[in-house]
Amino acid sequence: MEQLLLCFLLLISCFSHAYCTKEQPYNAIFSFGNSYADTGNYITLVKGVLPYDVFEHLPYGMTYFGQPTGRGCDGRLVVDFIACKDYFRKSLFIFGEFGGNDYTFVLSAGKSISEVKSYVPVVINTTKEAAESLLEQGATTIVLPGNLPTGCIPIMLTLYASTNKSDYDHLGCLKHYNTIGYYHNIKLREAVVQLQLKYPKAKIIYGDYYEPVINFLKNPEKFGFTNGAPLKICCGGGGPYNYNLTATCGQPGVSACSNPSTYINWDGIHLTEAAYRTIATGWLKGPYAHPPILSGFY
């Protein structure tokens, strides 16, 4: 059964071909996850199924590649920046982020936040079991990324906008929706500790998306996000956050900002290359990974 599960995971994985100039002495990076980690498999899978996929069109890919690659970003993702580092000699598995899409779909079905949270243990247990399968097959380094602050994502701020000011925190995020990602991350970190105790010879790492995004919003200028509206997106079709459900990034007539590196969010869902670069550095060296990926390599 474990062999079958591993084969399935490898079939759906995003095997990252890194775009960098440094020599890579490590064997490989295997990245499993949704569009925060996908380097182009999704558009291959849906080709001929969907009449139009925005990831196949500019301005996706404009910052680094100069053309769309299937990444949900203006350029590179966290996994691309990690692959550019020259410290690895063994395969690195990045397993996630998982749960974000599941919780969004449940919310869109009209479920309450408390009902959404009831799915968290299922997602965490499934993630943990799949990670264990990889560890049993010989994986020695696994990163398990957490969720972003759900209530700070522009699509969520647009879909669930409130006229009640008390629903928002001092950063402009929807407080109650942020509890989804926060709860997920608590449970994931508990699972990581359990795995660390069970597999003491392996390096099992919690990769934090939540804290860096909150830090970006608290002090955007410190990180170079100087567009003046931290929750506003670079590529969109208008509205308070520049996110428009009927005119999303990649669709005809929708344009991107001239300098994505000054924005945190790219298209209302995904982050910019600049944000991913900072998070990747935090995963490699700290403080956004527990333990940092490069700990023990110095």
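With Cβ to Cβ distances under 13 Å as the rule, what net charge do the other residues near Ser118 carry (K, R +1; D, E -1)?
Cβ neighbours under 13 Å give a net charge of +1.
For the range 247-298, report the translational diffusion coefficient in µm²/s to the nearest whole number, using Stokes-Einstein at 10 °C, 1.306 mPa s, and a Kirkwood Rh over Cα pairs.
Stokes-Einstein gives a translational diffusion coefficient of 124 µm²/s.
Can you work out ³J(HN,Hα) from phi for every residue in the range 220-236, in order, using Karplus 6.51 cos²θ - 1.76 cosθ + 1.60 and θ = phi - 60°, giving whole Hz and x for Gly and Pro?
Each residue of the range 220-236 in turn: x, 4, 4, 9, x, 8, 10, 6, x, 9, x, 8, 7, 9, 7, 10, x Hz.
Just add up the charged neighbours of Thr63: K/R +1, D/E -1, any other residue whose Cβ is under 12 Å from the Cβ of Thr63.
Here the charged neighbours net out to 0.
Can you order the peptides 279-289, 197-207 by their average number of other Cβ atoms within 10 Å per residue, highest first?
Packing order, densest peptide first, comes out as 279-289, 197-207.
How big is the range 88-207 in terms of Cα radius of gyration and Dmax, in angstroms?
Looking at the range 88-207, its Cα Rg and Dmax stand at 16.4, 53 Å.
FYI, it's all coordinate maths here, none of it is from the lab. Everything numeric here is computed off the predicted structure, so don't read it as measured data. Virtual Cβ from ideal backbone geometry, glycine too; neighbours counted across all protein chains shown.
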